[in-house]
């Protein structure tokens with residue numbers, strides 16, 4: 001988990017349409033940057049759909065939502081189309097940004113230990129500073145929680 005008050009690591013990754021997106025593109029706006037394990041899985045779908053439903057309210061508050069996983073651009077495109085997601089999904093197949101944001105961790109599932117993305121959400125201010133960070137978030141509750149953080 002990165003420290004509150006620190007500069008958010010810069011990045012450039014392809015979105016679900018193959019367009020390169022950088023954190024710097026959103027200077028002057030708040031950014032909800034959320035990391036999730038995998039497209040089309042139950043928890044990740046709940047989280048993405050809830051962010052999608054609340055997206056107009058995020059925009060009203062001057063914030064953008066960006067999801068990041070290690071899935072491919074093509075996988076993100078299918079995920080976006082299947083669920084009508086109105087926000088950006090970034091593909092980090094090399095895990096460069098995932099590691100820069102300290103969300104690649106050891107996970108235990110039914111006694112089995114493996115490495116993976118720990119569901120984490122950061123709120124980055126208009127100047128690129130991390131002002132909130134939450135790890136091991138509850139997928140279904142996280143979008144409403146983040147909307148509340150913008151109050």
Of all residues in region 6-43 being at pLDDT 95 or above and assigned to a helix (DSSP H, G or I), which is surrounded by the fewest Cβ atoms within 10 Å (Cβ to Cβ)? 24
Can you tell me which residue is nearest to residue 47 (Cα to Cα) among those in region 106-139 that are loosely packed, with under 15 Cβ neighbours inside 10 Å and touching a helix residue (DSSP H, G or I) at 6+ places or on another chain (Cβ under 9 Å)? 138
Yes/no for residue 103 being buried (at least 21 other Cβ atoms within 10 Å of the Cβ), touching a residue at least 40 places away in the same chain (Cβ under 8 Å) and touching a strand residue (DSSP E or B) at 6+ places or on another chain (Cβ under 6 Å): yes
Hey, any hits in region 69-82 for a residue that's in contact with a strand residue (DSSP E or B) (Cβ under 7 Å, 6 or more places away or on another chain), assigned to a strand (DSSP E or B) and either within 20 Å of residue 138 (Cα to Cα) or at pLDDT below 95 (or both)? yes
Does region 88-111 contain at least one residue that is more than 16 Å from the chain's Cα centre (by Cα), in a helix (DSSP H, G or I) and modelled with pLDDT of 95 or more? no
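The values are calculated or read from the model by the stated rules, or taken from the named source; none is laboratory data. In this text the structure is predicted, and so the values were computed from the model without any measurement. Neighbour counts are summed over all protein chains in view; Cβ atoms, including those assigned to glycine, are modelled from backbone coordinates with ideal geometry.
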